Every structure is written in structure tokens, then in C-alpha cells.
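Worksheet: the structure to be examined is printed underneath.
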Amino acid sequence: MKRLRYMMIGGFLGAGKTTLIGRLARYYRDQGLKVGIVTNDQAHGLVDTLSLRAQGFDVGEVTGACFCCKFNDLVRVVGELSADQRPDVVLAEPVGSCTDLAATVMEPLKHLYSAEVELAPLAVLLKPEHGEKILGDATDVGFSSKAAYIFRKQLEEADVVVVNKIDKLSPERAQRLIEMLAEQYPGKPTIALSARTGSGCEILAQRLQQPAAVRESTPEMDYDVYAEGEAELGWLNCSVEVSLPKVAAVDAALLDFVERLAASCRAAGAEPAHLKVMAMADGVSAVANWVCSDVPPELSIASGISTDGWQFVVNARVAVAPEELEAAVRRTAADFAGANGAKCEVADMQRFRPGRPMPTHRMPLGQA
């Protein structure tokens, strides 16, 4: 039996992993390969899963913890993808606050499932919005040094670092990021691309078809710092049912909602790791994102429709207490309703701080 190729695309929250995975999935599908996708989150109700399924992809989901802590679930979900037609390629998107993936996911797959799975190089996206600050040792990053520790550890274990969103960077800023990576992670392969426009994505797609790197040693990992860095973020998933007295443009309403929520977070001095909201109506969807306090929210996927009712699916990971994050969402829903003469009902509320990572396996690297 031919082994499926497991491609894991890591990177910090808001780095653009979902957009890139959709782009890669289309590339491999156009090459005649069958593609499956696995998303991952600490809770259920994941915008990434809904967005990728809306694009026509076969998507499985691992919820409740990171891949490393839900390794057996990851294996099960991969096995369930297209049960009637086994995929050639599986693209896996771990939680954006997760690291140590080489020792807790890649190595266990290599040793326990080598007959079924072939590993691609571990690609990690660098998020420019926070990457410039963290790599530049800025004093005001928006997160503590413990969250920055996770960011740096993700880059350290990467087989290839992907500088994403170059369409939003000047050539000088992009070059400076690449130079900082070369200085701080010498010898680390780097690819610059734009997942949104597709520029450079074919280079990465071809790189991921090469063999995984042979690792010589296991990176040091301070799980106390790691756990505290993750717990710095308030985590919230919920839905908001919206009904209006008259037809309105969904895309404009979605961006208005996210801008109001961003303003509420800014007022509390809360830095977003990633705030993502999907609007769904009549089988069509739109997505808006806010990834850094220094940049405005933006519409990343437009629906182009107008209607008098839809559902917002809210995924927010923000450096603030979960209770405050819930209050901000409920306040935003009320403000949006008042400004638009709408009725907004918040439902399926999940909010918490991530628990301490407890990997199913952690295998030393560099062993045959």
C-alpha cells in the first residue's frame, strides 16, 4: 500500500496557516492528488474547518487540545478522511499556540506509523505582524516573553521557515525579516510567499514533496514557560445569530462587527493573537480577521451577498482574561444590534485559558 504524505503547517496564531493550506490543497489537487485536511483547536466550532469545507475540501477535526496531546485522535481522524478513497496527501494545521511538534507528533508518526505515513518537512509560518517585534527584541510586543518563547520555539524546530504575507510588506521590510532569521537561526531554509495572492506558494509546495529533514538532536523545551505562555491567552469560540428588519450586505456587516470587537479589545489594552469571525448565510460564507493591535481588521473572504439574517461564528485568541473576552463579545453583539436595529443572540459560548500541554508521546530526535 502506498504511504500517504503527512504535511504539517505550523506557525503562530494569525500567521495565515488556513489560507496557505487552502492554497496548497488546490495545488496538489490540480496535480491529480487526493487531498485531506486536518484542523486542530482547543474547542469546537472552528472557523478554519468551516472555511475549508466551504471551499470543497475533505476536512477532519481534532478538538479539545493540540495534536501533541491528542495524538491518537489525530491518527484516527487521518484514517477516517475519505474512508472510501484514501488521500495521497494530508495537510495538518496544528493549534497556533503549539510547539515541540517535531518530538511529539513528527517523531511518533515516524516510529509508530512508518508503514502508512511518509513525513514531509515541517513548515512553520512566520507572522510578520508580531515577528518583526519579537525577532527585533522590541519592548512592546503585546505579549509577555513567555508567549514570545512559543513563537521562537516554533521557528527553532522548523525544517523550513515561511515568511508569509509578503504582499503586505515593503521589499525592505521583507528583506529585514529574512536577514533577522538568517542571523538568529543560521542555516535555516527560508521561503517568502503570499498565501493570499499565491506568489511563492508553488516553491513551498514543491519543497514539501521532498523528504523530511533528518534531525540530529531534540530541542530543549521548558514546559513551564510553554504552559504559562499559552495560558496568557484568553480563548473564546461562540456563535451569534443575527436577524435584521431589512436586507443588508453581509460583508460590510461582518467587518463592522469585527471592527467593533477590535475596538473593545483595544480599549481594554488586550493584544490579539488572532480574532477570526465567519458570517454564514444561504450556503455562502465570509471571513474577517484581526491579527495585531497595530493593524486594522480586514475582510479576507467575501460573500458578495445581502440578506436579512445570518450567523457569526467567532474564534478569538486574545491576551486578556477569558471572562473579559466574553464580556467584550457580548457587548459588541449588543452594540451591533443597537446600531443596526438587529436582534443578536449569543450561543454556544466556550471561553477558557488553555491547560498545560501533556503530550501523548515525546520521543528523542536523532535516533534511527
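Every read-out reported here was derived from the displayed coordinates using simple, explicitly stated rules and does not represent laboratory data. Only a predicted model underlies this, so the values are computations on that prediction, with no experimental measurement involved. All Cβ positions, even for glycine, are placed from backbone atoms using ideal geometry, and neighbour counts span all protein chains on display.
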Item to complete: Enter the mean projected area of the convex hull around the alpha-carbon atoms of region 122-194, in nm², rounded to one decimal.
Response: 4.5 nm²
Practice prompt. Please report Rg over Rh for region 248-346, where both radii come from the alpha carbon positions and Rh follows the Kirkwood definition.
Written response: 0.95
Discussion item. Per-residue counts of other Cβ atoms within 10 Å, averaged by peptide: what ranking do you get for 322-330, 356-364, highest first?
Written reply: 322-330, 356-364
Worksheet item: Mind checking the dipole of region 4-230: about its Cα centre, +1 per Lys or Arg Cβ, -1 per Asp or Glu Cβ, Debye to the nearest 20?
Response: 680 debye
Worksheet, complete the sentence: Quick calc, region 180-292, dipole around Cα centre from Cβ unit charges on Lys, Arg (+) and Asp, Glu (-), nearest 20 debye, gives 500 debye
Worksheet item: Based solely on its DSSP helices, what 222 nm [θ] is calculated for the chain when runs of n ≥ 4 H residues each add -39,500 (n - 2.57) and the sum is averaged over all residues, nearest 500 deg cm²/dmol?
Response: -10500 deg cm²/dmol
Worksheet entry | Packing-based order for 335-343, 179-187, using average beta carbon neighbours within 10 Å, highest first | 335-343, 179-187
Worksheet item: Could you state the per residue volume, in Å³, of the convex hull enclosing the Cα atoms of region 89-156?
Response: 92 Å³
Response to the item:
For the pair residue 213 and residue 80, the simple spin-label estimate (label points 7 Å beyond Cα toward Cβ) gives in nm 3.3 nm
Worksheet item: Assuming a viscosity of 1.306 mPa s and a temperature of 10 °C, what translational diffusion coefficient in µm² per second does Stokes-Einstein assign to region 62-213, Rh being the Kirkwood radius over Cα pairs?
Response: 94 µm²/s
Worksheet item: For region 233-352, with only Lys/Arg (+1) and Asp/Glu (-1) charged at the beta-carbon, what is the dipole magnitude about the Cα centre, in debye rounded to 20?
Response: 100 debye
Response to the item:
Most fluctuating of 249, 319, 263 in the GNM of the chain (C-alpha, under 10 Å) is 249
Worksheet item: Separation between the residue 321 and residue 203 pseudo-spin-labels, each 7 Å from Cα along Cα→Cβ, expressed in nm?
Response: 4.7 nm
Response to the item:
The answer for the net charge of residues other than residue 44 whose Cβ lies under 9 angstrom from its Cβ, with Lys and Arg +1 and Asp and Glu -1, is -3
Fill in: Solution diffusion estimate, µm²/s, Stokes-Einstein, region 134-281, Kirkwood Rh from C-alpha pairs, 37 °C, viscosity 0.692 mPa s
174 µm²/s
Fill in: Taking the C-alpha atoms of the chain, convex hull volume expressed per residue in Å³
129 Å³
Worksheet item: Hey, what angle do you get for helix 250-267 against the long axis of the chain, alpha-carbon based, 0 to 90 degrees rounded to 10?
Response: 80 degrees
Fill in: Sites residue 330 and residue 353 - FRET efficiency at Förster radius 25 Å, r taken between beta-carbons, to 0.05
0.85
Worksheet item: Going by how many other beta carbons lie within 10 Å of each one, how would you line up 274, 44, fewest first?
Response: 44, 274
Worksheet item: Where Lys and Arg each count +1 and Asp and Glu each count -1, what net charge lies around residue 57 among other residues with Cβ under 10 Å from its Cβ?
Response: +2
Response to the item:
Under a Gaussian network model of the chain whose springs join Cα atoms within less than 10 Å, the largest fluctuation of 60, 32, 283 belongs to 283
Item to complete: List the residues whose amide H sits under 5 Å from the amide H of residue 8, counting only those 5 or more places along or on another chain, with H placed 1.01 Å from N in the peptide plane.
Response: 92, 120, 123
Fill in: Radius 12 Å from Cβ of residue 80, net charge of other residues (Lys, Arg +1; Asp, Glu -1)
-2
